[in-house]
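Report on the structure given below.
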Number of protein chains: 2
Amino acid sequence: MKSFGEIIKEKREEKGLFLRQVSALMELDQAIISKLERQERKASREQVLKFAEIYDLNPKDLIISWRSDKVAYELMNEENAEQILKVAETKVKYLKKKIG
Amino acid sequence: MKSFGEIIKEKREEKGLFLRQVSALMELDQAIISKLERQERKASREQVLKFAEIYDLNPKDLIISWRSDKVAYELMNEENAEQILKVAETKVKYLKKKIG
DNA sequence: ATTGATTTGACTAATTTTGTCAAATCACTT
DNA sequence: AAGTGATTTGACAAAATTAGTCAAATCAAT
């Protein structure tokens with residue numbers, strides 16, 4: 001399963017674009033894009049959607065990839081990560097039902 | 001399923017302690033404890049462990065509750081929260097195997 | 001109304017995140 | 001090996017978020 005960074009890096013290469021060019025399209029320093037590709041930094045939601053646009057990726061799928069990366073990264077050093085995710089699932093369902 | 005805030009609030013009441021007293025035990029302003037109980041703020045890991053100590057709660061379980069609250073809260077406004085959690089699970093397993 | 005517990009909100013301090021930039025490194029070509 | 005252009009790195013500053021302090025407001029019970 002590819003990480004968000006891997007996805008946007010592969011896609012850029014597939015499209016034959018240089019960081020410089022993506023940088024111009026995104027209006028974002030190429031150093032940051034480089035870091036996003038190597039997962040040294042995390043993208044904002046807006047940036048994710050911009051990537052989807054530029055690279056013709058399904059925004060929903062890209063959001064899922066980005067968001068799940070973030071959750072997984074936060075939990076990877078957590079002893080009981082799997083249990084936490086299970087409980088979180090229950091809680092999310094509850095919260096969504098309750099509040100929206 | 002109880003939230004972290006609910007748990008620590010109930011336990012405090014069960015023990016018949018006032019915020020002021022818990023505040024002294026935790027060395028933390030009672031305003032903050034009040035906010036933690038009502039989930040207006042998020043506890044740090046250290047604080048969670050301190051609560052477990054004070055209230056005789058299983059630290060592991062309390063951590064799970066606290067951490068899952070955080071994840072659930074972050075995702076509750078996310079369209080595809082369930083999918084994100086599923087993907088995150090896969091990624092966590094992978095990351096734990098790979099890095100530790 | 002008074003007392004004591006809890007909650008609220010304004011304020012400051014501390015921490016984390018974000019972007020900018022230039023220099024360093026890398027890969028390729030000649 | 002030098003030169004070219006792409007990518008990566010790291011130091012720095014700006015911006016945003018989070019944490020804690022405090023006093024006043026609210027609440028609950030008498």
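Here is how the numbers come out for the structure above:
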{"quantity": "Within segment A:22-33, considering residues that are farther than 27 Å from B:Val92 by Cβ and part of a helix (DSSP H, G or I), the one least open to solvent (accessible area, probe 1.4 Å)", "calculated": "A:Val22"}
{"quantity": "Test: residue in segment A:1-21 that is within 14 Å of chain B (Cβ to nearest Cβ), in contact with a Phe, Trp or Tyr (Cβ under 8 Å, 6 or more places away or on another chain), open to solvent by 60 Å² or more (accessible area, probe 1.4 Å) and modelled with pLDDT under 95", "calculated": "yes"}
{"quantity": "Count of segment B:34-48 residues which are more than 8 Å from DNA strand C (Cβ to nearest atom), surrounded by 15 or more Cβ atoms within 10 Å (Cβ to Cβ) and either assigned to a helix (DSSP H, G or I) or at pLDDT below 95 (or both)", "calculated": "3"}
{"quantity": "Residues (under 19 Å from B:Ser3 (Cβ atoms) and either in contact with a strand residue (DSSP E or B) (Cβ under 6 Å, 6 or more places away or on another chain) or not in a helix (DSSP H, G or I) (or both)) located in segment A:53-100", "calculated": "A:Glu78, A:Asn80, A:Ile99, A:Gly100"}
{"quantity": "First in segment A:1-28 and within 24 Å of B:Lys86 (Cβ to Cβ), second anywhere and part of a loop (DSSP other than H, G, I, E, B) and within 8 Å of DNA strand D (Cβ to nearest atom), Cβ under 7 Å, 6 or more apart", "calculated": "A:Gly5/A:Arg38"}
{"quantity": "Subset tally (residues that are without any contact (Cβ under 8 Å) to a residue 24 or more places away in the chain and under 10 Å from the mean Cα position of the chain (by Cα)) for segment B:42-60", "calculated": "4"}
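The values are calculated or read from the model by the stated rules, or taken from the named source; none is laboratory data. Keep in mind that this is a model prediction, so the values were computed, not measured. Cβ sites come from the backbone with ideal geometry, for glycine too, and all protein chains shown count toward neighbours. Please note that ligands, DNA and RNA were not included when accessible areas were found on the heavy atoms of the full protein model with its side chains. Shrake-Rupley method; radii C 1.70, N 1.55, O 1.52, S 1.80 Å.
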